[in-house]
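> Below you'll find the structure I mean.
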Amino acid sequence: MRIAAWNVNSIRARLDHLTDWLRAANPDVLCLQETKVIDDDFPANSFSRLGYECAWTGEKTYNGVAILSRHALHDVTIGHADARAEDSARLIAATVQGVRVLSAYIPNGKTLDSPSYAEKLEWLARLRKTLDATCKPEQAIVLGGDFNIARDERDVFDPEQMRGKIHFSEREHQALDEVLSFGLTDSFRAFTEEGQLFSWWDYRMGAFRRNRGLRIDYLFVSKVVKEALRTATIDIEPRTWPKPSDHAPVLIEFDL
DNA sequence: ATGGTAGGATTCCTA
């Protein structure tokens, strides 16, 4: 099975990139973030033509997540286990061929003194609670998406500049570690210790050309998936296309 | 230290 995650920064602006990439990479499952459309405007037909079934949740202008799958989607759930009316569209889960797949878009956080930062930490705490309430560490789980956190110094272009800043602060690291201590590991780090391999580059200042990026998009996997992993990669090619998303898709292959 | 770019809504917000 091949599972990918991609923050597309508007599914309407990126529809051609998405269909081109699906044809080329041919994943079984794709977790999308930042679709930026209300549910009525989600272009499900564009994906069903390519053989993908979809589950999605969106809102006007911001956020929005989805799961695309070549196989049947079962037990679709939207949001956290302790859902609130004011929650934005940042989490969707479904079971595909026995694998519990979650597509997550973690709040950006803005700055450490922003209310958004506290919301980011709380959102991650609720994600851990959702895992506790809906999953077991022994089962096959893939938690994919844009976490807006670079995990260590290998995952940022300039550790000294970034340390203590948003995306690379101690409390963010602790909150993400608490999620992973459920029983998930970073699939990418099962294959390489190399640094300066990124999944996001700012649109500004020629950041992609200069490889000034962050690795903030992940596919976290439970033990049974980790033991079955064959590859874990970041496909930077779509970031070189005209009018790209600022994120590149991440992809794993495993034998389950 | 600042500001640069992109998407989507609407002269601003989020990233």
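Where a number appears in this text, it was derived from the coordinates with a stated rule and is not lab data. Computed from a predicted model, the values in this text were never measured in an experiment. All Cβ positions, even for glycine, are placed from backbone atoms using ideal geometry, and neighbour counts span all protein chains on display.
> Provide the gained length on full extension for the span residue A:76 to residue A:158, in nm with one decimal, where the gain is 0.36 nm per separating residue minus the Cα-Cα distance.
25.6 nm is the gain from fully extending residue A:76 to residue A:158.
> So, one more: Show me, bin by bin at 5 Å from 0, the whole-percent P(r) of chain A based on Cα pairs.
Histogramming chain A at 5 Å steps yields 1, 6, 14, 19, 22, 18, 13, 5, 1, 0 percent.
> Here's something else I'd like to know. Would you compute, from DSSP H runs of 4+ residues alone, the mean residue ellipticity of chain A at 222 nm, taking -39500 (n - 2.57) per run and dividing by the full residue count, rounded to the nearest 500? Don't skip to the end; give the middle numbers.
Values: 7 runs with 61 residues, N = 256.
The helix-only estimate for chain A comes to -6500 deg cm²/dmol at 222 nm.
> I would also like to ask the following. For the stretch A:133-245, which semi-axes, largest first and in whole Å, follow from the square roots of 5 times the eigenvalues of its Cα gyration tensor?
26, 17, 12
> Once you have all Cα-Cα distances for the stretch A:21-73, histogram them in 10 Å bins from zero and send the whole-percent values.
P(r) over the stretch A:21-73, rounded to whole percents: 27, 54, 19.
> Moving to a separate point now. Please report the relative contact order for the stretch A:43-191, taking Cα pairs under 8 Å with a sequence separation of at least 6, and give it as a percent rounded to a whole number.
18
> Right, next: Please give the Cα centre distance for the stretch A:104-145 versus the stretch A:67-96, rounded to the nearest Å.
One Cα centre to the other: 13 Å.
> Given A:120/A:243; A:129/A:226; A:60/A:243, which pairs have Cα atoms separated by over 24 Å? Mind showing how you got there, number by number?
Values: A:120/A:243 29 Å; A:129/A:226 22 Å; A:60/A:243 22 Å.
Among A:120/A:243; A:129/A:226; A:60/A:243, the Cα-Cα distance tops 24 Å for A:120/A:243.
> Right, next: Sort A:50-60, A:69-79 by the packing proxy (mean of other Cβ within 10 Å over each peptide's residues), most packed first.
Averaged packing, sorted descending, gives the order A:50-60, A:69-79.
> Going by how many other beta carbons lie within 10 Å of each one, how would you line up A:201, A:6, fewest first? Before the final figure, lay out the partial values.
Details: A:201 23, A:6 32.
Final ranking by Cβ density, sparse to dense: A:201, A:6.
> Taking the Cα centre of the stretch A:2-254 as origin and charging only Cβ (+1 Lys, Arg; -1 Asp, Glu), how large is the dipole, in debye to the nearest 20?
Details: 33 positive and 38 negative charges, 82 e Å.
That gives the stretch A:2-254 a dipole magnitude of about 400 debye.
> State, as an integer percentage, the relative contact order of chain A based on alpha-carbon contacts under 8 Å between residues 6 or more apart.
Values: 590 pairs, mean separation 49.1, N = 256.
Computed over chain A, the figure is 19 percent.
> Over all pairs of distinct alpha carbons, what does the Kirkwood formula give as the hydrodynamic radius of the stretch A:1-143, in Å? Intermediate results must be reported in sequence, preceding the final value.
Details: mean 1/r = 0.0643 Å⁻¹.
One over the average 1/r among Cα pairs gives 15.5 Å for the stretch A:1-143.
> What are the extents of the Cα atoms of the stretch A:84-159 along their three principal axes, in Å, largest first?
Over the stretch A:84-159, Cα extents along the principal axes are 40, 36, 18 Å.
> Right, next: For all pairs of alpha-carbon atoms in the stretch A:49-105, what percent lies in each bin of width 5 Å, listed from the first bin to the last filled one?
Per 5 Å bin, starting at 0, the Cα pair percentages come out as 4, 20, 28, 23, 16, 7, 2, 0.
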